[in-house]
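**Q** Next up is a structure, given as structure tokens.
Computed from the coordinates by the stated procedures, all read-outs in this text should not be read as laboratory data. Computed from a predicted structure; not experimentally measured. Reconstructed Cβ throughout: ideal geometry from the backbone, glycine too, with neighbour counts over all protein chains shown.
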Amino acid sequence: MRYLTLFCSLLGMFIIPVVSGDTVSPDSGIKLEKGADYRIVKEYQYPDFKVIQFNLARLSHFSYMLLSGGECLVIDPGRDAGIYREIAKKEKVKIKGVFLTHAHADFVAGHIELAQQTGCPVYVNKANRAVYKHNGVKDGDALKIGKAVVKFIETPGHTPDGMCAPVYGANKPSEPEIIFTGDTLFVNSVGRPDLLEGQVSAVELASKMYDSWFGKLALLDDGGVVLPAHGAGSLCGSKLGKSPSSTIGAEKRNNPYLQHKSKNEFIAAVVNSLAHVPQYFIHNAQLNRQGPPPVKWQELPGKELAIADIDVKNPNTYVIDVRPAEEYAAGHIDNSINIPKSGKLATWLGIVVPWKAKLIVTGSKEEVAEAVHRLQRIGYKPEYVVFETWRKAGGRISGTGLIPPGEIYSQLKGSGPLPLDVRQKSEWDEQRIGNVINMPLQSLDRTKAKLDPAMPLITICRTGYRAGIAAGLLARSGFKNVNIMQGGMEGWNQAKLPTVGAGAVCPLTAASEKSAAPVLPELITVEGLNRLIKDMPDFVEIIDIRPAEQFTDYNIPGSANLELRKLLEQGAPPEGKTLIIVDRDGTVALLAAGILSGKVNRKLKALEGGVEKYWEKTFGAAKRPVPSAKPVQPEKAPQKVKKIIQDAGC
């Protein structure tokens, strides 16, 4: 028996192969594509119990079943809970309870579904403030499942109600074999502490996270297997590891956040790593506390909408087209946004669509059915119209260009559209097609005011998925000419086109920079411009593109006035000096620099904040003085400025 126990301990865990292809949801009977269904990724076998780990890849969500002695506990289930009932039947175990590690924000949990279907109790931290019927647990409480003992540890940090659950077998009553860590501890990361902004500060929760780790979890046996609620790609933490599990010892050694022994340093590291919070998170957390209503999974939400009932111009109406990008580009409902179901449909829709908006999904009937099923996992209640119904009824159809990277590369050497990279800044820093404008998709609504709706744009991301969403959002906001770079940066790299950045795949060379790649614009701060003027005055050319009368009122000393139209018509020669373009507030200057980047091979910069910010920061005067010298007009410009005008290549 001793050797059998040793063998099982060494075996530890084994991987269950994941079968590729579509599967059918046990709840709705709807076919779900790979990644949008629950898959068993691992089974962890111990002498007294077994743990089955499920992954819902499109939400980066791990859930679990703890099985022992004919009984089962389900941990952090998804809303469509049929998979757990199906596995319980197959394993011949009875579901004795559901345990929620906290009030999840990124998905609607299946605790109410399972409780109503099986009659089992729901276990949550007493601090959860749950209003549905539940069993509140606290530090030191325990629950027996067959031969396994589940102990509860309060671990606030991600949220105030965070709770972890070490599981002990009869053969090792003092050392936990596994620990369900929820969103408190991930592989190589920790849960973000900023989801309760306005109620509890991120700093306060990060401080509690430090205490939960160093005062509780770090004291557990190093061999305890860490089983978190999320994996790589989740927005509940930063830079989660790709492995579905870890150990307490491995996290002590490898988790970058846990290397900070000082509480202040730990808090700074956690708070400084925070990314954008999707707007639906706070609503999902509230739903999970209230007890989400059960869903009739086999029914679409009512009848298909009539064409006359869809007002695509209404700012509160969002039509989401879930078809592939190529089909959307060929023709789509006017003002609709393409979020293909082949990717993280629920996450991205939850980021761009306001919670209380009228949400309409379109695509084929099968695509609509799957999309509606998946969106209910994050609490949305979409209506729908089949795209073919809209087309046959004569609804207005628009198109969007999918431009191959090679064609864009050629356009950038002329007067092509302005590239707009919608990836995260870290991605943009790593590798890009040039110093193009970067406006991450998550913040596009707040930053698009910097763009000119009449300016032709080309959106760029890693694969084209986010670029398609951005193009739809911009078109919906009144931008007249927005296209998408087909295949994104992956397509650009496959075509072996030049890139810049630390991770450049095909870096620019001295020979190719002049002939092949456009020199693209950068922003320069007021402080940076003043340093250039002071340290290298002979290497700077400043062109003010405001109307002449505004230039006369006040300007940057040493600048020349050349109105925007003439600058764009005539361009600027490929001299060695850095050309700084300035305007009133920096918006138009950056666009002008973007256009010129396709015409000239010289360093181009736009002044951040424009002349207004320059005067405010440089002179600190509430009233901007009129310069004593006469303004420099284009027709009376000195020889060096005339050369800029006369020798420009277009």
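**Q** With +1 on each Lys and Arg Cβ and -1 on each Asp and Glu Cβ, and nothing else charged, work out how big the dipole of region 402-515 is about its Cα centre, in Debye to the nearest 20.
**A** Charge dipole of region 402-515: 220 debye, to the nearest 20.
**Q** Normalised by the empirical 2.2 N^0.38 Å for globular proteins, what value does the Cα Rg of region 126-245 take?
**A** 1.07
**Q** Quick one: the Cα spread of the chain along its three principal axes, in angstroms, biggest first?
**A** On the principal axes, the chain reaches 96, 64, 48 Å in Cα extent.
**Q** Once a ≥ b ≥ c are taken as the square roots of the eigenvalues of the Cα gyration tensor of region 299-398, is the result rounded (a/c under 1.5), prolate (a/b larger than b/c) or oblate (a/b not larger than b/c)?
**A** Rounded, since a/c falls under 1.5.
**Q** For a 27 Å ceiling on Cα separation, which of these pairs sit above it: Lys242/Lys425; Lys534/Lys603; Lys94/Lys365; Lys356/Lys613?
**A** Lys94/Lys365; Lys356/Lys613
**Q** Suppose the Debye formula is applied to equal point scatterers at every Cα of region 183-295; what is log10 I(q)/I(0) at q = 0.11, 0.23, 0.24 Å⁻¹?
**A** For region 183-295 at q = 0.11, 0.23, 0.24 Å⁻¹, log10 I(q)/I(0) is -0.37, -1.34, -1.41.
**Q** Nearest 20 debye, what's the magnitude of the dipole of the chain about its Cα centre given +1 on Lys and Arg Cβ and -1 on Asp and Glu Cβ?
**A** 140
**Q** Over region 270-387, what relative contact order in percent results from Cα pairs under 8 Å that are six or more residues apart?
**A** With pairs under 8 Å counted, the relative contact order is 31 percent.
**Q** Cα gyration tensor of region 2-284, axes a ≥ b ≥ c as square roots of the eigenvalues: rounded (a/c below 1.5), prolate (a/b > b/c) or oblate?
**A** rounded
**Q** To the nearest 20 debye, what is the magnitude of the charge dipole of region 299-398 about its Cα centre, counting +1 on the Cβ of each Lys and Arg and -1 on the Cβ of each Asp and Glu?
**A** Using only the charged Cβ atoms, the result is roughly 260 debye.
**Q** Sticking with this structure for a sec: So what's the net charge close to Thr362: Lys and Arg +1, Asp and Glu -1, counting the other residues with Cβ under 9 Å from its Cβ?
**A** Once positives and negatives cancel, what remains is -1.
**Q** Of all GluC sites (Glu not before Pro) in region 194-276, which ones are in loop regions per DSSP and have a Cβ with at most 13 other Cβ atoms within 10 Å?
**A** Glu197
**Q** Moving on. In 5 Å bins starting at zero, report the fraction of Cα pairs in region 28-130 per bin as a rounded %.
**A** The calculated distribution, bin by bin, is 3, 12, 24, 25, 20, 12, 4, 1.
**Q** Residue-wise, which Karplus ³J(HN,Hα) couplings in Hz belong to region 404-409, taking 6.51 cos²θ - 1.76 cosθ + 1.60, θ = phi - 60°, and x for glycine or proline?
**A** x, x, x, 5, 5, 4
**Q** Taking amide hydrogens as modeled 1.01 Å from N in the peptide plane, which residues meet the under 5 Å criterion relative to Val137, leaving out close sequence neighbours?
**A** For Val137, whose amide H was placed from the backbone, the distant partners under 5 Å are Val124, Asn125, Lys126.
**Q** Do you know the relative contact order of region 402-515, to the nearest whole percent, from alpha carbon pairs under 8 angstrom that are 6+ apart?
**A** Answer for region 402-515 is 32 percent.
**Q** Contact order normalised by length for the chain, with contacts defined as Cα pairs under 8 Å and 6 or more residues apart; what percent is it?
**A** So the answer I get is 8 percent.
**Q** If you take the charge dipole of the chain about its Cα centre, with +1 on Lys and Arg Cβ and -1 on Asp and Glu Cβ, which of Ala250, Ala268, Leu529 is farthest toward its positive end?
**A** Ala250
**Q** Tell me, what HN-Hα J-couplings in whole Hz come from the Karplus equation 6.51 cos²θ - 1.76 cosθ + 1.60 at θ = phi - 60° for each residue of region 544-557, using x for Gly and Pro?
**A** Result, rounded to whole Hz: 9, 9, 6, x, 4, 5, 6, 4, 5, 4, 6, 7, 7, x.
**Q** Would you tally the net charge around Thr317, using a Cβ to Cβ cut-off of less than 12 Å, leaving Thr317 out, and scoring K and R as +1, D and E as -1?
**A** Once all neighbours under 12 Å are counted, the net charge is 0.
**Q** How do the peptides 157-167, 447-457 rank, highest first, by the average count of neighbouring beta carbon atoms within 10 Å per residue?
**A** Going from most to least packed, we get 157-167, 447-457.
**Q** Next question, about the same structure. Run through all the Cα pairs of region 298-346 and give the fraction in each 10 Å bin from 0, expressed as whole percent.
**A** 22, 45, 32, 1
**Q** Pull up the DSSP beta bridges for the chain and report the antiparallel fraction as a percent, rounded to 5.
**A** Close to 45 percent.
**Q** To continue, here is another question. Could you give the spread of the C-alpha atoms of region 402-515 along their three principal axes, from largest to smallest, in whole angstroms?
**A** 41, 28, 22
**Q** Which of the trypsin sites (Lys or Arg not before Pro) across region 277-347 are loop residues per DSSP, with 11 or fewer other Cβ within 10 Å?
**A** When the trypsin sites (Lys or Arg not before Pro) of region 277-347 are filtered for loop state and at most 11 Cβ neighbours within 10 Å, Lys296, Lys303, Lys313 remain.
**Q** Using amide H atoms built 1.01 Å from N in the peptide plane, name the residues 5+ places from Gly464, or on other chains, whose amide H lies under 5 Å from its own.
**A** Distant-sequence amide H within range of Gly464: Gly488, Met489.
**Q** Enumerate the amide H contacts of Leu274 below 5 Å, restricted to partners 5 or more residues apart or on another chain; note that Pro and chain-start residues carry no placed amide H.
**A** none
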